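See below for the structure under consideration.
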Amino acid sequence: MKKVIQRSVQGVALLLFIILLVKGKAQLWMAIFVASTLLALLFSRFYCGWLCPINTVIRPIAWMKKKLKIKCKKMPAWIESDVLRYLILALFLATMGFVFKTGKQLPVLPALLALAVLLSIFFDEALWHRHLCPYGTILTLTGRFSKKAMVIDEALCNNCTRCSRVCPSNAIVQDEKHRIIKKECLVCHECERVCAKGAIKYR
């Protein structure tokens, strides 16, 4: 039931995103994102897993690649640098600042969507979610302090690795037991759905 609700919310959000783009009112979507960034202090990165149009579009691509057994290209090691992540964020913020100051209509959001789709065809989706998405980088700043998040109960976890294999942002790592890096988690609930022990909950 939760999955049906989530997919419905994603569908409605994607439709709203498209309507706003067509009507030339993309700035209204930015208002939704800003509100989500502030709410991430309480609810973590729910925007990514429930509202983000980019995530809604590229998730089916990842699913299809898995079904067709299409292997992803290896992610270049230099991309994993946080320096690149924040450089992209700085460029994004500078571009958005230029748009708001001059009033020029630059296709920033459609360009990001197209780039994410293109990269997700060839690489694992974590490349976008964790290393390149400027929205995701912003959300890590508030999401790390969130009151609620996806959590693994160490007493129930048997280290089967199912959760880490389905995580689209590589947010699940293993120490003695598996744990979720809160600021990187998309709150997509994919890990919760595959956990046979019921060890993962949003709380």
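Restricting attention to the range 156-174, the residues that are outside any loop (DSSP other than H, G, I, E, B) and either charged (D, E, K, R) or buried (at least 19 other Cβ atoms within 10 Å of the Cβ) (or both) total 4.
Being farther than 17 Å from L112 by Cα, charged (D, E, K, R) and in contact with a Cys (Cβ under 9 Å, 6 or more places away or on another chain) holds for only one residue in R45, R7, R59, and it is R45.
Looking only at the range 125-144, count how many residues are part of a loop (DSSP other than H, G, I, E, B) and surrounded by 20 or more Cβ atoms within 10 Å (Cβ to Cβ). Qualifying residue count, the range 125-144: 2. Please verify whether A13 is among the small types (G, A, S) and either without any contact (Cβ under 8 Å) to a residue 12 or more places away in the chain or closer than 17 Å to F122 by Cβ (or both), treating the condition exactly as stated. Taking the combined requirement at face value, the residue does not satisfy it.
Annotation note: of K183, K177, K147, the sole residue that is in contact with a helix residue (DSSP H, G or I) (Cβ under 8 Å, 6 or more places away or on another chain) and surrounded by fewer than 18 Cβ atoms within 10 Å (Cβ to Cβ) is K147. Just one of the listed residues (I61, I88, I79) is under 30 Å from S8 (Cβ atoms) and of a type outside the set (S, T, Y), and it is I61.
Bear in mind these aren't lab numbers, they're just calculated from the coordinates by the rules spelled out. Keep in mind the model is a prediction, meaning the values are calculated, not measured. Positions of Cβ are backbone-derived with ideal geometry, glycine not excepted, and every protein chain shown enters the neighbour counts.
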